[in-house]
Amino acid sequence: MNVARYFDHNATAPVLLSIQDEVAEFIKNEWANPSATYLKGREEKIILQDSRKALADWLKIDPLEWIFTSGASESNALVFYTLDHQSQDSEFIRSHGLRKKIITSSIEHPSVIENAKFLSQKKGYQWVQIPISKEGNIDYEYLENQIDNSTLLVSFMAASNETGLVFDIQKIAKMAKNQGAYFHTDATQALGKIDLNLEDVDYASFSAHKVNAFKGIGGLVVKNKCPLLPLIKGGGQERFRRAGTENIMGVWSFKKAAEFYQSGQKTLEFQNIKKMRDDFELKILESLGGVQVTHQSSLRLPNTTHLFFDDIQTQSLLINLDLKGYAVSVGSACSSGALRPSQTLLGMGYSARQALQGLRVSFGLGNKSSEIDQFILEIKNSVAKTRSISKPPSVLFAEEVKV
């Protein structure tokens, strides 16, 4: 599709041109197993080591604190798996006490929510979800009171993939540390978009395809002295912490992305992207009634805008825009023919009906300011068309929403 009309960069980002230009040559030459002891294998091992260092430099961590995984979902699962087993260790219980509480925000990614739910339902953990208000606020006093000496893990995303809301993970990490709990952040959406300070963070999860590298590669930051048990066993890769032949091409692409995002070119690009996002919001509010920007006054990712549209169900809007060649995202997914409200918006206290009226637009590399006016015109026309043929919201809600 036309990348200039692709406005769903928080879902995945187009691969950098520099990676596209070099990938054929890379595949041709870099095919050996990095665990092999002969020369070609040792060359692949150097690529692995150089990539690890590039990512560590980007995040200002020790290279040995970085583990390559298949992506943030695996990284998140690895943290929960490890700490569940850690909490049952007799030595850990003697030194830290019995810790059977997990705390997350109410709007985490499903790969965090489902792991917390599993430990709660199957392993007897107390799971506390900290509510996020419609305005994007956290009651920090309530959060701090919930973190006590029975808390094993506090997990808060660094930024919301849906509304762009940015959280103060350093503040929350210090609260966890004060009570001897571990702190984990799913920082997938924040990487490359805002400065990340991982000083007090114990674990942090990432996916490469959010920063214009390949899918199927990601990483987990595990600070020194923090435990980690292999979820995938059977080999000595990643210092026996993640078995399996390394995805060297994916690792290389992640390194290329890290180098780009640390360059001056990235800074210029994202200044333009933020201006594009701000101009888009200003113009759409001026040209269209019955629309509001979510968390506009809060600290947000510079590329993300989330909109509520009155009197329509935005799945219809998405389809109309798709027919015009534009890619955006609604906060809900289609499952078994039934539209399901966004769990993020429900977690912020919006009603199920309101949660079907949200639209995410996420900007990124390849978007052009020259497309914005036409994009807004298409949104305006699609909204007018959808509103003219839509059933009343109460009918829509009764017929199509199954929470």
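The values are calculated or read from the model by the stated rules, or taken from the named source; none is laboratory data. Small disclaimer: the values here were computed from a predicted structure and weren't measured. Glycine also receives a Cβ, built like all others from the backbone with ideal geometry; neighbour counts cover every protein chain displayed.
Quickly run through region 317-356 and pick out the residues that are in a strand (DSSP E or B) and at pLDDT below 90.
Within region 317-356, the subset in a strand (DSSP E or B) is 327, 329-330, 334-335, 338-339.
Across region 317-356, the qualifying residues are 330, 334, 335, 338, 339.
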Would you please list the contacts, defined by Cβ atoms under 9 Å and residues six or more apart or on different chains, that run from a residue in region 186-204 that is in the same structural domain as residue 172 (by TED's automatic domain parsing) and of a type in the set (Ser, Thr, Tyr) to a residue that is modelled with pLDDT of 95 or more and surrounded by fewer than 20 Cβ atoms within 10 Å (Cβ to Cβ)? 203/223; 203/226
Screening 54, 36 for residues that are out of contact with any strand residue (DSSP E or B) (no Cβ under 8 Å at 6 or more places or on another chain), assigned by TED's automatic domain parsing to the domain that holds residue 149, closer than 24 Å to residue 232 by Cβ and outside any helix (DSSP H, G or I) leaves only 36
Looking only at region 19-46, count how many residues are under 13 Å from residue 246 (Cα atoms) and buried (at least 19 other Cβ atoms within 10 Å of the Cβ). 2
Which number in (1) among the charged types (D, E, K, R); (2) closer than 17 Å to residue 238 by Cβ; (3) modelled with pLDDT under 95 marks the one condition that residue 225 misses? (2)
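Out of 267, 245, report the one residue that is of a type in the set (Val, Ile, Thr) and farther than 21 Å from residue 74 by Cβ. Let's see the steps before the verdict.
Details: 245 fails: farther than 21 Å from residue 74 by Cβ.
Just a single option satisfies the conditions, and that option is 267.
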Kindly list the number of the only condition in (1) closer than 24 Å to residue 139 by Cα; (2) surrounded by fewer than 18 Cβ atoms within 10 Å (Cβ to Cβ); (3) touching a helix residue (DSSP H, G or I) at 6+ places or on another chain (Cβ under 8 Å) that fails for residue 201. (2)
Quick count over region 136-146, residues being of a type outside the set (Val, Ile, Thr), out of contact with any His (no Cβ under 6 Å at 6 or more places or on another chain) and surrounded by 13 or more Cβ atoms within 10 Å (Cβ to Cβ), is 6
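Output the strands (runs of 3 or more DSSP E) that fall wholly within region 84-192 and possess 1 or more residues being under 26 Å from residue 212 (Cβ atoms) and acidic (Asp, Glu), or say none. I'd like the intermediate steps shown before the answer.
Numbers: elements: 101-105, 126-130, 151-155, 182-186.
So the answer is 182-186.
Residues checked against (1) among the aromatic types (Phe, Trp, Tyr); (2) in the same structural domain as residue 229 (by TED's automatic domain parsing); (3) buried (at least 20 other Cβ atoms within 10 Å of the Cβ):
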position	(1), (2), (3)
250	no, yes, yes
277	no, no, yes
281	no, no, no
330	no, no, yes
Here are some conditions: (1) touching a residue at least 40 places away in the same chain (Cβ under 8 Å); (2) under 30 Å from residue 324 (Cα atoms); (3) more than 24 Å from the chain's Cα centre (by Cα). Residue 27 meets all but one. Which one does it not meet? (2)
Considering (1) more than 22 Å from the chain's Cα centre (by Cα); (2) modelled with pLDDT of 90 or more, say which one residue 366 fails and leave the rest. (1)
